[in-house]
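So the structure is just underneath, and the comments pick up after that.
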Amino acid sequence: MAKLTKTAIRRIAGLVPFPQPETIRVRYPIVLMHGFGLLAFLAKGGHLHEEAMYLRMRGILAFAPNVSPYHTIADRANMWRERVEFILKTTGAEKVNLIAHSMGGLDARYLVSKCGLHDRVATLTTIASPHRGSSLAEIVLEQPGKVQEWLQDAANWIGQNAMSNSGADFHSAIQQLTPTALKESFNLEVLDHPNVLYRSYAGASGKGTLHSINPILRPFNSLMYAREGVNDGLVSVSSAKWGDYQGEIEADHAQQIGIDLMPSSSFSSSEFFADQVRLLAEMGF
């Protein structure tokens, strides 16, 4: 029979003073915004649901709504506007803090700049968002017409059936994610608002780093490395920098949202999001 440690005995006896998770006091609710694609929808509750529940266990008003996985930035941003306005109404909060992953960061910037929510958003933290585009989008558009047509039909069917009344426009969305589109259009038109704090992180794994990468992302990682250098499998470090850049995180694009196929990885997406909320709380947000 295994010998019980003193800590285990105290837990059984109910003598641990605070067995519950810590309480993090943040001024504004947290809205987690997901990126492009359907992979995280396979998780229970959808994109970033587990991370939101992890935050709620720490006393944080955290929400992880879902929008169409394969649609344009403007269309997704308008869906986000409806979600954020609902959260503001139901919580009675004056503002929200946005923490956005991947394409969600572009949606969030559009939401603030073009959807009239600049006075209802206190901060925006982006994680591996393609602020300067992704060469992977270029690679998709370089494929033969039949391949592009198959990808478009499959993605649009998934997007239209993933959520009711959500719609999908895979081809237009991919076009918006190219480096050219971000440089020559989006970044010139979607300007940061001076009243919102913008922070960003990049993901780094695979080629050019000491960190392993999800086998599914490894081919993309190599292709992108040749064009943009160090990346997380979908977005490069150089593209992810925006506003007050906070540095690299040792996680691939999937690990960042809790999809981890690397048994040796010590990265916790839930704890990473909790760390961001702690920082926001320390700054008074």
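The values are calculated or read from the model by the stated rules, or taken from the named source; none is laboratory data. These numbers were taken from a predicted model, which means no experiment stands behind them. All Cβ positions, glycine included, derive from the backbone under ideal geometry; neighbour counts span all protein chains shown.
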message: Can you say whether GLU248 is assigned to a helix (DSSP H, G or I), among the acidic types (Asp, Glu) and closer than 18 Å to SER134 by Cα, as far as the supplied structure shows?
response: no
message: Looking at THR178, THR126, can you tell me which residue is polar (S, T, N, Q) and within 26 Å of PRO29 (Cβ to Cβ)?
response: THR126
message: Of the residues ALA100, ALA74, ALA108, only one is touching a residue at least 24 places away in the same chain (Cβ under 8 Å), under 18 Å from ALA128 (Cα atoms), part of a helix (DSSP H, G or I) and among the hydrophobic types (A, V, I, L, M, F, W, C); which?
response: ALA108
- request: Count, please, the residues in the range 189-209 that happen to be in contact with a strand residue (DSSP E or B) (Cβ under 6 Å, 6 or more places away or on another chain), outside any strand (DSSP E or B) and surrounded by 21 or more Cβ atoms within 10 Å (Cβ to Cβ).
  value: 2
The range 170-205, residues that are among the basic types (Lys, Arg) and under 20 Å from GLN256 (Cβ atoms): ARG199
task: Determine, yes or no, whether ARG227 is farther than 22 Å from ALA108 by Cβ and of a type outside the set (A, V, I, L, M).
output: yes
- request: Kindly establish whether HIS71 is closer than 29 Å to PRO21 by Cα, of a type outside the set (A, V, I, L, M) and buried (at least 18 other Cβ atoms within 10 Å of the Cβ).
  value: no
query: Which numbered condition trips up GLU149, out of (1) over 20 Å from PHE273 (Cβ atoms); (2) at pLDDT 95 or above; (3) part of a helix (DSSP H, G or I); (4) among the acidic types (Asp, Glu)?
result: (2)
